[in-house]
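Heads up: the structure comes next, in structure tokens.
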Amino acid sequence: MPFPLVAAAPHFAAGQSGTIERFTNKKLASKLMDIGVRPGSRLRIIRKSPFGSSWYVKIDRQCLALRKQELACIMIK
């Protein structure tokens, strides 16, 4: 199920996917780009951790665990 419009990633449920359009936080964007998260990459939300502090996502062909604030700066379309 695709994302409806451009929105922050944490607003969506497991199983949804979309394309990363941009980042809203330059400091976190730098960190994310260092680990291979770039605009134009395909992001799929796998699941939220039991206590909600992190999310498991698949970006292109790699699986990552991102903190909620890191995921919140990713805008997806």
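Since every read-out is calculated from the coordinates, none of them should be taken as a lab result. It should be emphasised that the depicted structure is a prediction, and the values quoted were computed from it without experimental measurement. Cβ coordinates were reconstructed from backbone atoms using ideal geometry, including for glycine residues, and neighbour counts include every protein chain displayed.
Which value in nm describes the separation of the simple spin-label points at THR19 and ILE46, placed 7 Å from the Cα toward the beta carbon?
2.4
Quick check on the chain: take the gyration tensor over C-alpha atoms, sort the square-rooted eigenvalues as a ≥ b ≥ c, and tell me if it's rounded (a/c under 1.5), prolate or oblate.
Working: a/c = 1.34, a/b = 1.09, b/c = 1.22.
Here the chain falls in the rounded category.
Using the crude model of +1 on Lys and Arg Cβ and -1 on Asp and Glu Cβ, and no other charge, please compute the dipole size for the range 7-76 relative to its Cα centre, in debye to 20.
80
Give the relative contact order (percent, whole number) for the chain; include only Cα pairs under 8 Å separated by 6+ residues.
41
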